[in-house]
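Peer 1: Here it is, the structure in full.
What follows draws every value from the coordinates through simple rules; no lab data is involved. These figures come from a predicted structure and were not determined experimentally. Positions of Cβ are backbone-derived with ideal geometry, glycine not excepted, and every protein chain shown enters the neighbour counts.
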Amino acid sequence: MEVLVEVSARHVHLSKEHVEILFGEGAVLTPNRDLSQPGQFLSNERVNLIGPRSLMNNVAVLGPERPATQVEISLTDARALGVTAPIRESGDVAGSGSIVIEGPNGTVELAEGVIAAKRHLHVSDTDAEKYGLKDKQIVKVRVDGQRPLVFDDVVVRVNKNFATAMHIDIDEANAAAASGKGMGEVLP
């Protein structure tokens, strides 16, 4: 099965409460452009991430708002910032790293919510049925190119609202000399 492989750079998902703290009372995230997953968008809003060692300016905020704030960074980013970022699936933030998020109108001291996203494969329910894939199944995906690489331990996430695509972070993309979007093959 051939799949789209997308590189996910550092970004933040914000709760409604944190949107208002960072951008002002009544603020909402405003879409800049749609992302490949239906209903998801890159917002016009940006934040700074502040860690004990350094800071990262102009970090993307993705919408829509989420129930809990989550910061997704690479392990390289975590080392540079001086924060802990366990490798986790999106939403699994209990006991994860802490960080300060700075916006134009305020600051949030996030006690937990910093992760390095576990590589994963979004699969629509129709593609899952067609290719025999199950939610939470672990697969391997080969990415060809100048530095071909097989990614092991890829979590399959099945949902009727998903567009089929694998997401890797910037460290994983650099290891495979991949950028932006490419193609991969789910191995048997």
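Peer 1: Length gain on complete extension for the stretch Arg142 to Ala94, per 0.36 nm per residue less the alpha carbon to alpha carbon distance? All intermediate terms of the calculation are to be shown ahead of the outcome.
Peer 2: Numbers: separation 48, 0.36 × 48 = 17.28 nm, distance 3.11 nm.
Computed gain between Arg142 and Ala94 is 14.2 nm.
Peer 1: Further question: Just to be sure I follow the rule: in the chain, considering lysines 8 or more places apart or on different chains, how many pairs have Cα atoms under 14 Å apart? Don't jump to the answer; show the numbers that get you there.
Peer 2: Numbers: Lys118/Lys136; Lys118/Lys140; Lys130/Lys160; Lys134/Lys160.
So the count works out to 4.
Peer 1: Could you state the principal axis extents of the C-alpha atoms in segment 120-187, from the largest down, to the nearest angstrom?
Peer 2: Sorted largest first, the three principal extents are 32, 19, 16 Å.
Peer 1: If you don't mind, there's one more thing I want to ask. At 0.36 nm per residue, minus the direct Cα-Cα distance, what do Lys118 and Lys16 gain on full extension? Give it in nm, one decimal, please. Mind showing how you got there, number by number?
Peer 2: On the way: separation 102, 0.36 × 102 = 36.72 nm, distance 2.47 nm.
Extra length from Lys118 to Lys16 when fully extended: 34.2 nm.
Peer 1: Related question: With the Cα gyration tensor of segment 9-117 in hand, give its eigenvalues times 5 under a square root as the equivalent ellipsoid semi-axes, listed largest first in whole angstrom.
Peer 2: On the way: eigenvalues 81, 50, 32 Å².
Semi-axes (√(5λ), whole Å): 20, 16, 13.
Peer 1: For Ile87, enumerate residues with amide H under 5 Å from its amide H, sequence gap 5+ or separate chain, H modeled in the peptide plane.
Peer 2: Here the answer is Ala116, since their amide H atoms fall under 5 Å of that of Ile87.
Peer 1: At 0.36 nm per residue, minus the direct Cα-Cα distance, what do Asn105 and Val28 gain on full extension? Give it in nm, one decimal, please. It would help to have the intermediate numbers written out before the result.
Peer 2: Working: separation 77, 0.36 × 77 = 27.72 nm, distance 1.31 nm.
Stretched fully, the Asn105-Val28 segment lengthens by 26.4 nm.
Peer 1: Can you list the residues, at least 5 places off or on another chain, whose amide H is less than 5 Å from the amide H of Leu133, using H built in the peptide plane?
Peer 2: Amide H to amide H, under 5 Å and 5 or more residues apart or across chains, Leu133 pairs with nothing.
Peer 1: Can you give the longest stretch of the chain with no exposed loop site, where a site means GluC sites (Glu not before Pro) in a DSSP loop (not H, G, I, E or B) with at most 15 other C-beta atoms within 10 Å?
Peer 2: Details: sites that count: Glu25, Glu89.
In the chain, the maximal stretch lacking such sites is 90-188.
Peer 1: Give me the distance in nm between label points sitting 7 Å out from Cα along the Cα-to-Cβ direction at Asp152 and Arg79, one decimal.
Peer 2: Between Asp152 and Arg79, the label points sit 2.1 nm apart.
Peer 1: Stokes-Einstein D for the chain at 25 °C, 0.890 mPa s, Kirkwood Rh over Cα pairs, in µm²/s? Numbers along the way, then the final one.
Peer 2: Values: Rh = 17.1 Å.
Estimated diffusion coefficient is 143 µm²/s.
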